[in-house]
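Report on the structure given below.
The values are calculated or read from the model by the stated rules, or taken from the named source; none is laboratory data. Just so it is clear, the model here is predicted, and its values are computed rather than measured. Reconstructed Cβ throughout: ideal geometry from the backbone, glycine too, with neighbour counts over all protein chains shown. In case anyone asks, the SASA skips ligands and DNA or RNA and just uses the protein heavy atoms, side chains included. Shrake-Rupley method; radii C 1.70, N 1.55, O 1.52, S 1.80 Å.
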Amino acid sequence: MIRFVNVSKVYPTGNKALDNINLEIEAGSFTFLVGTTGSGKSTLIKLLYREELASSGDIWVFGKNIEHLSRNEVPTLRQQTGVVFQDFKLLPQKTVAENIAFALEILGVAKKEQEKRIHSVLELTHLQAMAKAYPRELSGGEQQRVSVARAIVNKPPVLLADEPTGNLDPDSSWEIMKLLTKIAKSGTTVVVSTHNKPLVDLLKRRVIKLDQGKIVEDNQGGGYNQHGTRR
Amino acid sequence: MALDASQMTRQWLFSLQQGLQNMVRSPFMSLVVVSTMTVALGVLGFLMLTLSDLTYISQQMSTQLKIVVFLQDQQTPESAAALIEGIKGVKAPVVQISKEEALKSMTEELPDLKKLLEDPHTHEVHNPFPATLEVSLYAVEKMAEIEAEIKKNVPGVEGTEANQDLAEQLNQIQSAVQLVGFGIAAILFLGTLAIVINTIQLAVHHRQREIEIMHLVGAPDWFIRLPFLLEGLIFGMASGLVANILLFFWRVVPLEQLKRMFTFIQLQPGLGPLYPISALVLLVGLLMGVLGSSLSVHRYIRFEKSAEKGKIPV
Ligand SMILES: Nc1ncnc2c1ncn2[C@@H]1O[C@H](COP(=O)(O)OP(=O)(O)OP(=O)(O)O)[C@@H](O)[C@H]1O
Ligand SMILES: [Mg+2]
């Protein structure tokens, strides 16, 4: 379970990105983060994998206050938090399987076990046929599936996705969103920021809307007020 | 998540493998780093070698400088030599040339001289040459001092001769060469270290995406650093070895040639100081590589974490 308690974030430049956020996200749930550009979605996600520290307040992730992690504990948090971005962040000189294996290699997982886990995520993301391909040989949607596969291969309890469909066509976007909801069904807590209004409306999940760093809507049943959004 | 031993080994192996792969996959970058370092190390080694040989040459020349002592006829060379050998700074043995030997070597050089010195009636040869002593010194700069002491304390000395000016000049040249040489070496070392750090930093920057992804998937700092450290080590070793090959070649082929052409070049026997200098070059190479890469990655990792500075203490 994730809990924000009076969390604010002011960047060193003086930009106030988050303003006294109080929020609870249940384990195994699927949550959309929406809001206009600059409303603080990426910042909220960055706080969750300790790319940024809050300026004040506490953030609890599965019973641990991640604001108080030492520098040595941050890698452990990240091993337990899958992250997916708009720009895929794949290594061009590694194959699909090697890119996914990367997350396991840093943990020193044995080759046999690696193969087993990679096989199962390739199956889940329908990438079996592309295991030996390089990222440049794949479509955007396929590359994003590789990125999701890498994020979940270590079976993290939390999966964060910051505009995962930002660079994708509608069909690929739909596929990625379906994949993410499927992952949530298996017990992973998934948080997705997006501008994709039609998909949010279609999927009918919890929607948290940010505006100027504040939560202005929290709709458990899906959908949100389109006013002021990009799409 | 406890780490067992084999897990740790696998992490190390993967990390090292990454380092090797990186080098092979960006051969241009590796080439730039290695050649920069090779040039730096080569120049450093060349400077040290030249310095060492120059010092040797000037030492050789100064050991050839001697005080020549002319004795009066009543003084025997043996007793004068014994007295001089007792003076501090004099290198024993003092070479003795008796009146007879002096005459003999002079008349051998100039056969006509004998007739001039011969008494036309008795055929007895008059010997005008004094007995001489050749005094070698441990320290050439003490020449004037020792010369004065010989004149003062050794009885029966007719006169002395010493090329003091040359000795002093050689001495000055020797210290000037050392001063300038070490100065250049120090400046060169610092300059090249800066270049090496920048070059490796370029290589690190080249892999910024990889470092970013490693951070994202939760790689610990040591895991991120290790491949770069290994690379730095290999770069250092490779450049050190290439620089040493060049140094050995320089010393064994062109320098020997030069020595044959210009006889004043006197090299130290055998390979001279090559072994200690090549060991030093290799060491400096390894140091530069490791230092350069760890400084570069350190800066990069710190840059990545700069976000943490935004934290306002509560
Ligand atoms: N590193 C940073 N330094 C300073 N200000 C920042 C930084 N990152 C974000 N901001 C500011 O914080 C605010 C929130 O940014 P954030 O990236 O969280 O918005 P967002 O909701 O993700 O926007 P978008 O939909 O365009 O991605 C913005 O005003 C932005 O300019
Ligand atoms: Mg954003």
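If we scan region A:86-97, do we find a residue that is of a type in the set (V, I, T), more than 10 Å from every other protein chain (Cβ to nearest Cβ) and in contact (Cβ under 8 Å) with a residue 60 or more places away in the chain? No, region A:86-97 contains no residue that is of a type in the set (V, I, T), more than 10 Å from every other protein chain (Cβ to nearest Cβ) and in contact (Cβ under 8 Å) with a residue 60 or more places away in the chain.
Within the group A:A110, A:A103, which residue is among the hydrophobic types (A, V, I, L, M, F, W, C), facing chain B (nearest Cβ under 10 Å) and without any contact (Cβ under 8 Å) to a residue 24 or more places away in the chain? Full working, then the answer.
Working: A:A103 fails: without any contact (Cβ under 8 Å) to a residue 24 or more places away in the chain.
Every option except A:A110 fails the conditions.
Which ones in region B:195-205 are surrounded by fewer than 19 Cβ atoms within 10 Å (Cβ to Cβ) and either within 26 Å of B:R10 (Cβ to Cβ) or among the basic types (K, R) (or both)? None; the set is empty.
Only one of the numbered conditions (1) surrounded by 22 or more Cβ atoms within 10 Å (Cβ to Cβ); (2) part of a helix (DSSP H, G or I); (3) more than 16 Å from ligand 1 (Cβ to nearest atom) is not met by A:L47, and that is (3).
Filtering A:I176, A:I208, A:I215 for residues that are of a type in the set (V, I, T), touching a Leu at 6+ places or on another chain (Cβ under 9 Å) and under 23 Å from A:A103 (Cα atoms) leaves a single hit, A:I176.
Does B:E108 count as out of contact with any helix residue (DSSP H, G or I) (no Cβ under 7 Å at 6 or more places or on another chain), more than 30 Å from B:Y56 (Cβ to Cβ) and surrounded by 13 or more Cβ atoms within 10 Å (Cβ to Cβ)? Judged against the criteria, B:E108 is not a match.
So which residues in region B:66-82 are touching a helix residue (DSSP H, G or I) at 6+ places or on another chain (Cβ under 8 Å) and open to solvent by 20 Å² or more (accessible area, probe 1.4 Å), if there are any at all? Explain how you work it out, then say what you get.
Step one: filter region B:66-82 for residues touching a helix residue (DSSP H, G or I) at 6+ places or on another chain (Cβ under 8 Å), giving B:67, B:69, B:71, B:73.
The one that is touching a helix residue (DSSP H, G or I) at 6+ places or on another chain (Cβ under 8 Å) and open to solvent by 20 Å² or more (accessible area, probe 1.4 Å): B:D73.
A quick yes/no check of all residues on (1) at pLDDT 85 or above; (2) aromatic (F, W, Y); (3) farther than 21 Å from A:N72 by Cα:
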{"residue": "B:A194", "(1), (2), (3)": "no, no, yes"}
{"residue": "B:I197", "(1), (2), (3)": "no, no, yes"}
{"residue": "B:H205", "(1), (2), (3)": "no, no, yes"}
{"residue": "B:I213", "(1), (2), (3)": "yes, no, no"}
{"residue": "B:W222", "(1), (2), (3)": "yes, yes, no"}
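If you go through region B:4-32 and keep only what is under 21 Å from B:L202 (Cβ atoms) and of a type in the set (V, I, T), you end up with B:V24, B:V32. Please count how many residues of region A:113-152 are farther than 25 Å from A:Q80 by Cβ and of a type in the set (K, R). Here the count works out to 2. Given the criteria over 21 Å from B:F223 (Cβ atoms), modelled with pLDDT of 95 or more and assigned to a loop (DSSP other than H, G, I, E, B), does A:A129 qualify? Considered against the rule, which asks whether it is over 21 Å from B:F223 (Cβ atoms), modelled with pLDDT of 95 or more and assigned to a loop (DSSP other than H, G, I, E, B), A:A129 comes out as no. When A:K116 is tested against the conditions (1) within 16 Å of ligand 2 (Cβ to nearest atom); (2) open to solvent by 30 Å² or more (accessible area, probe 1.4 Å); (3) over 12 Å from the mean Cα position of the chain (by Cα), the lone failure is (1). Filtering region A:8-31 for residues that are part of a loop (DSSP other than H, G, I, E, B), within 13 Å of another protein chain (Cβ to nearest Cβ) and of a type in the set (D, E, K, R) leaves an empty set. Those helices (runs of 4 or more DSSP H) of region B:1-113 in which at least 1 residues are within 14 Å of chain A (Cβ to nearest Cβ), considering only elements entirely within it, cover B:5-25, B:27-63. Among the residues making up region A:64-77, a single one is open to solvent by 70 Å² or more (accessible area, probe 1.4 Å) and away from chain B (no Cβ under 11 Å): A:K64.
Within region B:31-51, restricting attention to residues that are touching a Gly at 6+ places or on another chain (Cβ under 7 Å) and buried (at least 19 other Cβ atoms within 10 Å of the Cβ), the residue that is nearest to B:P155 (Cα to Cα) is B:L51. For region A:163-217, the candidate set comprises residues that are acidic (D, E) and within 16 Å of ligand 1 (Cβ to nearest atom); within that set, the residue that is nearest to A:A17 (Cα to Cα) is A:D211.
So is A:K64 within 25 Å of A:T76 (Cα to Cα) and within 16 Å of ligand 1 (Cβ to nearest atom) or not?
Values: within 25 Å of A:T76 (Cα to Cα): yes; within 16 Å of ligand 1 (Cβ to nearest atom): no.
The answer is no for A:K64.
Contact map, region A:22-47: first residue under 15 Å from A:E67 (Cβ atoms) and charged (D, E, K, R), second residue open to solvent by 10 Å² or more (accessible area, probe 1.4 Å) and within 10 Å of ligand 1 (Cβ to nearest atom), Cβ cut-off under 6 Å, separation 6 or more or different chains; pairs are A:K46/A:E52.
Taking the residues in region A:32-46 that are within 13 Å of ligand 2 (Cβ to nearest atom) and in contact with a helix residue (DSSP H, G or I) (Cβ under 6 Å, 6 or more places away or on another chain) as candidates, determine which candidate is farthest from the other protein chains (Cβ to nearest Cβ). Walk me through it before giving the result.
If we filter region A:32-46 for residues that are within 13 Å of ligand 2 (Cβ to nearest atom), which is where we start, we get A:33-46.
With in contact with a helix residue (DSSP H, G or I) (Cβ under 6 Å, 6 or more places away or on another chain) added as a condition, the list becomes A:33, A:35.
On the way: A:L33: 19, A:G35: 21 Å.
Of everything passing the filter in region A:32-46, A:G35 is farthest from the other protein chains (Cβ to nearest Cβ).
Take region B:137-173 and flag every residue that is closer than 21 Å to B:L51 by Cα and open to solvent by less than 40 Å² (accessible area, probe 1.4 Å). Within region B:137-173, B:A139, B:V140, B:A167, B:L170 meet the criteria.
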